[in-house]
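One structure is given below, encoded as C-alpha cells.
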Amino acid sequence: MGSAAEVDEDVVLPVLGREEVVKRRCRRLKQLGRVYKDHYWCMMDELKRKYRRYYWSYGKSPVTETNDDDNDVDDGNFELEFSWCAIRGCKNKAMALTKFCHAHILSDSKQTLYMRCNYVVQSLQAGPIICGKTVLKCTVPPLCPGHYQKAEKHVTRALKKAGLNVSSTNKVAPKFHILIAESVRQIQISRRIAEKEMQEYLEIKEEEISI
C-alpha cells in the first residue's frame, strides 16, 4: 500500500491530465515492484526452510551415518525414514525417489538424469578405460570435477603450443565456441596451403609435358 499522501492524491484528483496519469502509473508501478520484492524474499525464506528440512530428512548423499541429536529441526510433512543403497556392501544413503546412492545411481535403469564421466584414464589394446564416475547429463563437457580440471589444463597446453596467448593455467580456458572458431581457422589455413602446393605441382607438371 502507498502512503496516505499518495492515496489522498488519487482521491483529490478524479480527473487527471496526461502528466498526472503518467506520474500515478509510475508511482503504482513502483509500489507493485516493492510488493513483488517482498513476496519474492518471503518465498526464498520458505524455500530455505523446506530445503533445510529435506537435507536433514534425506541427508546429503553419499552419507555414511546419521545424527540422531538433531531433534530441533522442524520436520513438517517430511518423513525422517530413509533407505540404504540397494548395492550390496554399500553403506550410503539412497537418494530420494530411488533405491541407489549417488555413486551407484547408474544402476537404476529408470533414471535419466545421470551418465558416466567419459574421461579416458588409460588406453589399452582391448579399448580405452574411462573414469565412469557419476555426472549429470547436462554437464558440458561430461566430466567429473577432477577430470574437468585436467581437461582444462590439457586445452591450455594445446593452446600454448598453437601459439595462442594464454598466460596462466589457473585462468579459465576459452569458451567452446572460441575453440571451434580457432579449429576451423586452422583447418582452412591447412587447406589453402595444400591447394596452393597442389596448384604449383600441377603447373610444374604442365611445363614438363609441354617441353
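We did not get these values from a lab; they are worked out from the coordinates using the rules stated. Since the structure is predicted, the reported quantities are computational estimates derived from the model, not experimental observations. All Cβ positions, even for glycine, are placed from backbone atoms using ideal geometry, and neighbour counts span all protein chains on display.
In the structure shown, the pairs K37/K93; K133/K153; K37/K99; K161/K205 are assessed against 31 Å; a Cα-Cα span above that value is assigned to K37/K93; K37/K99; K161/K205.
Per-residue Karplus couplings for the stretch 124-133, computed as 6.51 cos²θ - 1.76 cosθ + 1.60 with θ equal to phi - 60°, are listed in order as 10, 5, 6, x, x, 9, 9, 4, x, 5 Hz, Gly and Pro entered as x. Once backbone amide H atoms are built at 1.01 Å from N, W84 has A94 as its partners under 5 Å, excluding neighbours fewer than 5 places away on the same chain.
When the P(r) is computed for the stretch 76-151, the part past 14 Å accounts for 67% of the Cα-Cα pairs. Place a point 7 Å from the Cα of Q186 along the Cα-to-Cβ direction; which residues of the stretch 133-163 have their backbone N under 14 Å from it? Hits in the stretch 133-163 for Q186 at 14 Å: 154-163. How high is the FRET efficiency between I193 and I129 when r is their beta carbon distance and R₀ equals 25 Å, given to the nearest 0.05? About 0.10, to the nearest 0.05. Here the peptides 43-49, 110-116 are ranked by packing, the mean other Cβ count within 10 Å, and the order with the highest first is 110-116, 43-49. In this structure, L47 and R24 have a Cβ-Cβ separation that, at R0 = 35 Å, corresponds to a calculated FRET efficiency of about 0.50.
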